[in-house]
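What follows is one structure encoded as structure tokens, with my remarks underneath.
The values are calculated or read from the model by the stated rules, or taken from the named source; none is laboratory data. Quick caveat: nothing in here was measured; it's all calculated off a predicted structure. FYI the Cβ positions are ideal-geometry reconstructions off the backbone, even for glycines, and counts take in every protein chain you see. Please note that ligands, DNA and RNA were not included when accessible areas were found on the heavy atoms of the full protein model with its side chains. Shrake-Rupley method; radii C 1.70, N 1.55, O 1.52, S 1.80 Å.
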Amino acid sequence: MKLRFSLLTGLIFLSGMHVATAQTKSSDMTLGLLMPDSSADMNKATITKLGTKIVQMINNSDQVIYGTCNSIVVYPVISIDESGVVSGGMQNITVTTVEISFFIRDLGSKVVYNSITKKLKGSGSNKMQSIANAINQIKPADDIYQKFIADAKTKIVKYYTDNCPTIMHKADNLAAKEDYEQAISMLESVPTSAPCSKDAETKAIAIYKKAMNVICAIYIKRAKEAIAVNDFNAAVEALDVVDPNSNCAPEANK
């Protein structure tokens with residue numbers, strides 16, 4: 001239901017960035033993934049490869065699993081320290097030193113829970129390939145990454161334990177402003193070990209239901225507009241978005 005809300009409202013949770021979605025095992029906490037767009041130095045394939053390695057880091061941990069139900073994410077900041085061409089016999093080789101800083105941050109509160117920096121060197125026929133080969137050297141199972149995640153989880157649990165009343169109040173304010181996406185994201189970030197976990201879950205469900213009642217009216221309107229111009233495919237697509245438990249469900253079924 002939580003993921004359905006995010007997708008069907010059409011809201012952009014992380015503007016201009018790529019967010020992957022996966023979940024493989026049980027845990028009391030999830031971490032999302034925030035990746036940069038491709039650039040002149042890193043193409044989409046390289047960005048995807050780095051994202052895959054970060055997901056593996058998360059899922060190799062006994063502390064958390066990978067998911068996108070909340071606003072706490074791991075994101076990398078990539079810097080090119082130096083890059084140069086050296087003679088390599090038949091052809092020249094580009095060697096590039098890459099510095100990657102990994103952060104665990106709450107996108108809602110802006111709190112950074114932990115960070116580490118890794119320097120890697122790669123070589124290839126050009127700069128982009130050398131950067132890709134540097135990233136290939138990341139070993140997700142390394143102890144440094146497991147400690148990075150474990151230490152972050154400890155800080156996350158403490159933060160939410162110490163700030164439960166404030167977080168609940170902020171979620172109420174966001175919902176009152178009809179910022180349902182952010183409100184639910186904030187509540188879903190509360191770990192199950194925090195004292196307000198059950199209250200946060202209850203409140204998230206209530207806000208979700210309220211949001212669905214608002215959103216369903218929008219899609220009913222879209223469906224009617226599509227029917228008026230005989231665009232029945234668009235009408236069906238709009239009606240399919242309506243949550244079956246929303247107030248608009250009977251009208252959508254008609």
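Within region 173-189, being touching a residue at least 40 places away in the same chain (Cβ under 8 Å) and in a loop (DSSP other than H, G, I, E, B) holds for one residue alone: SER189.
Could you say whether any residue in region 117-135 is part of a helix (DSSP H, G or I), crowded, with 19+ Cβ neighbours inside 10 Å, under 21 Å from the mean Cα position of the chain (by Cα) and of a type in the set (A, V, I, L, M)? Yes, there is a match, as at least one residue in region 117-135 is part of a helix (DSSP H, G or I), crowded, with 19+ Cβ neighbours inside 10 Å, under 21 Å from the mean Cα position of the chain (by Cα) and of a type in the set (A, V, I, L, M). Scanning region 78-109 for residues that are open to solvent by 40 Å² or more (accessible area, probe 1.4 Å), among the acidic types (Asp, Glu) and in contact (Cβ under 8 Å) with a residue 24 or more places away in the chain returns a single hit, ASP81. Whether any residue in region 157-172 is open to solvent by 90 Å² or more (accessible area, probe 1.4 Å) and outside any helix (DSSP H, G or I) is what I want to check. Checked region 157-172: no residue is open to solvent by 90 Å² or more (accessible area, probe 1.4 Å) and outside any helix (DSSP H, G or I). Exactly one residue among LYS158, LYS170, LYS139 is under 18 Å from VAL64 (Cβ atoms), among the charged types (D, E, K, R) and out of contact with any strand residue (DSSP E or B) (no Cβ under 9 Å at 6 or more places or on another chain), and that residue is LYS158. Scanning region 220-246 for residues that are under 25 Å from ALA206 (Cα atoms) and loosely packed, with under 15 Cβ neighbours inside 10 Å turns up LYS221, ASP240, PRO244, ASN245. Among (1) touching a strand residue (DSSP E or B) at 6+ places or on another chain (Cβ under 9 Å); (2) in a loop (DSSP other than H, G, I, E, B), which single condition is VAL85 missing? Only one criterion is unmet by VAL85, namely (2).
A Cβ distance below 7 Å, combined with a sequence gap of six or more or placement on separate chains, defines the contacts here; from region 42-55, residues that are within 15 Å of VAL77 (Cα to Cα) and modelled with pLDDT under 90 reach residues that are outside any helix (DSSP H, G or I) and open to solvent by 10 Å² or more (accessible area, probe 1.4 Å) in the pairs MET42/ILE78. Scanning region 136-150 for residues that are closer than 15 Å to LEU50 by Cα and either in a helix (DSSP H, G or I) or touching an Asp or Glu at 6+ places or on another chain (Cβ under 6 Å) (or both) turns up just one, TYR145.
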